[in-house]
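Some notes on the structure that comes next.
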Amino acid sequence: AGIEAVDKAIALWHPLNANLAKIIPVLKGDPTQNTGLSGQLITSQAYVDRNVNALLALMNDLTNYSESIANEAADQSRLIQTRGILASLICFALIMYRIFGQLRRADVASQLARDETEQIFKTVSQGLFLIGRDGTMGSQQSKALESIFGLKLEAGRPFQDFIAQLIS
């Protein structure tokens, strides 16, 4: 449709262009080409009057065709972008599913180990408790500690503060 509009516009333009080619040397100041100038101007003006609307319509058709091509390209670009975003979201969801699955398995294993440790501390008759590298008492401690020391051990408390209550 675009090529057809351009071809028709060129066909309309050629006769006018041929007339203008005869007029332009006169306008540039060549008096030898002056013969029949007014007739050529009248002919050119009449041709323009007859064909200007057709030429404008053809250029409008070309503009519409170009716009439709641009719209198709924009639609295709939006479709590609949408598919890319959708694919990214699916990949993100799969990654998150896998990460949460691993976290869930790690939490289950950690809870199992914590439960086993807690069971050991509940059943052992010796006074067991954990001290961290920074000297604070850990949250895991045996039940027998309260009867051994006569005091409740507080998790996160510095061991030196606790033992200072018992030793002068």
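The values are calculated or read from the model by the stated rules, or taken from the named source; none is laboratory data. Every value quoted in this text rests on a predicted model; they were computed, and no experiment measured them. Glycine gets a Cβ as well: all are built from the backbone with ideal geometry, and neighbour counts include every protein chain shown. Accessible surface areas use protein heavy atoms only, side chains included; no ligands, DNA or RNA. Shrake-Rupley method; radii C 1.70, N 1.55, O 1.52, S 1.80 Å.
Some observations on this one:
- Centre separation in Å (Cα based) which lies between the stretch 87-108 and the stretch 117-156: 37 Å
- Rounded to the nearest 20 debye, the dipole size of the stretch 56-147 about its Cα centre is 500 debye, using +1 on the Cβ of Lys and Arg and -1 on the Cβ of Asp and Glu.
- With a Cα cut-off of under 27 Å and a minimum spacing of 8 residues unless on different chains, the lysine pairs in the chain number 4.
- A 1.4 Å probe run over the chain, with the rest of the protein chains in place, finds 76 Å² accessible per residue.
- Protein accessible area in the chain, 1.4 Å probe - carbon and sulfur %: 61 percent
- Whole-number Å³ per residue for the convex hull built on Cα positions in the stretch 106-168: 85 Å³
- Neighbourhood net charge (13 Å Cβ-Cβ; Lys/Arg +1, Asp/Glu -1) for residue 56: 0
- Working note: Karplus 6.51/-1.76/1.60 with θ = phi - 60° gives the stretch 112-127 the couplings 4, 5, 5, 4, 5, 4, 4, 5, 4, 5, 6, 9, 6, 9, 8, x Hz, where Gly and Pro are set to x.
- Trypsin sites (Lys or Arg not before Pro) lying in DSSP loop within the stretch 55-140, provided at most 12 other Cβ fall within 10 Å: 133
- Amide H contacts under 5 Å for residue 136: 159, restricted to partners 5 or more places along the chain or on a different chain, H placed in the peptide plane at 1.01 Å from N.
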